[in-house]
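Structure record follows, encoded as structure tokens.
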Amino acid sequence: MEHKPLALITGGSRGIGRCLVRSFLAYTDVLNVSRTPAQDAGSAARREPHELHNLSVDLADVARIEPCLGAWFDAHPGHRVTTLIHNAAVSPLGWLHEVSPAEVDQAFRVNVYAPLTITTSLLRAGRFAADGARVVYVTSSLARPVPELSFACLGLYSMTKAALSRMALIQSREFELTAPNVTVVRAHPGIVDTDLQRDLRRHPRMDPAFGVKTAGLPPFQEGEWRDRSPKDHMRTITPEFSAEFIEWVARSSDATSDEYDFYHAEEFHAARREVGHQENTTI
Ligand SMILES: NC(=O)c1ccc[n+]([C@@H]2O[C@H](COP(=O)([O-])OP(=O)(O)OC[C@H]3O[C@@H](n4cnc5c(N)ncnc54)[C@H](OP(=O)(O)O)[C@@H]3O)[C@@H](O)[C@H]2O)c1
């Protein structure tokens, strides 16, 4: 039986995820998992009609994930996952001595247990495409164990992203040994102008050092990185630009367990400059 490729994206209702859903619909069916459904904006540029499916699940309710996914795939037996993007996350804010045990529990459920459960359920049920699938975990620079990226008020969020990142690395090794058709990568999506970023910036108890760091990051203007490297001239980017990068990570042919970092992905930016150059010369 010929299988239909499927991109499973979490958190496609808003922010970066919404743009990811729209990009992937250009060439594959998409299953979005979030509490509110993702909307298909449609596009005249789309050659084939690909379907958007929504599975409304609260990812904090981890016990529901496997049965819900199982029921969906039972109803769509022809689909196999070629791309799985773990994008949904919550950003619990507060100093570590102030966050409640319930907040800690909720954050780890959504940001760590849910992604782990989704990937392992799909693996156990044989839902990944046998001829190649890619799992992308959306991480954050705040996951890195370095003092300059360790901010008060962002402790719980940083802890969950660190756990996710470590989990992805181990899973990458395990899949190499047992399921080599599935590659696992991590992607830091950049500093992106979304609800999540706005919540961080306007929180009254945020570490002043975070304010200083983000105040120096004006919005990116197209063309700014033509002669300068993004890593030396960091900017806040749009969710569309970030989604373009994650899509590139998901589709790039060389699998690596290293983290892809938006600002350091020279190949991505060079390819984008090349397309921009060609577009400018054809006009
Ligand atoms: N924005 C940045 O600057 C930045 C930087 C580094 C990393 N990231 C990472 O990038 C990813 C996307 O971030 P974003 O800025 O686009 O976030 P966002 O705008 O806040 O969107 C979060 C998405 O996650 C979903 N979600 C949240 N809680 C959920 C739950 N309990 N169950 C199901 N879905 C849930 C939301 O859908 P519903 O509310 O409809 O459920 C929404 O679609 C996250 O993993 C984030 O950590 C972002």
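For the residues Arg198, Arg228, the requirement of being within 16 Å of the ligand (Cβ to nearest atom) and free of Cβ contacts under 8 Å to residues at least 12 places away in the same chain singles out Arg198.
Looking only at region 115-144, which residues are within 11 Å of the ligand (Cβ to nearest atom), in a loop (DSSP other than H, G, I, E, B) and farther than 19 Å from Val33 by Cα? If the condition is that a residue be within 11 Å of the ligand (Cβ to nearest atom), in a loop (DSSP other than H, G, I, E, B) and farther than 19 Å from Val33 by Cα, then Ser140 is the only one that fits.
For region 1-42, filtering for residues that are modelled with pLDDT under 95, within 20 Å of Ala130 (Cβ to Cβ) and not hydrophobic (A, V, I, L, M, F, W, C) leaves 3.
Restricting attention to region 182-191, does a residue exist that is exposed (fewer than 11 other Cβ atoms within 10 Å of the Cβ), without any contact (Cβ under 8 Å) to a residue 60 or more places away in the chain and closer than 19 Å to Phe262 by Cβ? Let's see the steps before the verdict.
So the first thing to find is which residues in region 182-191 are exposed (fewer than 11 other Cβ atoms within 10 Å of the Cβ), and the list is none.
For region 182-191, residues exposed (fewer than 11 other Cβ atoms within 10 Å of the Cβ), without any contact (Cβ under 8 Å) to a residue 60 or more places away in the chain and closer than 19 Å to Phe262 by Cβ: absent.
Thr28 versus (1) more than 16 Å from the ligand (Cβ to nearest atom); (2) polar (S, T, N, Q); (3) out of contact with any strand residue (DSSP E or B) (no Cβ under 6 Å at 6 or more places or on another chain): which is the lone unmet condition? Unmet for Thr28, out of (1) more than 16 Å from the ligand (Cβ to nearest atom); (2) polar (S, T, N, Q); (3) out of contact with any strand residue (DSSP E or B) (no Cβ under 6 Å at 6 or more places or on another chain): (3). Scanning region 175-219 for residues that are hydrophobic (A, V, I, L, M, F, W, C) and touching a Cys at 6+ places or on another chain (Cβ under 8 Å) turns up Met206, Phe210.
The values are calculated or read from the model by the stated rules, or taken from the named source; none is laboratory data. Model, not experiment: these values are computed from the prediction. Backbone-built Cβ (ideal geometry, glycine too); neighbour counts: all protein chains shown.
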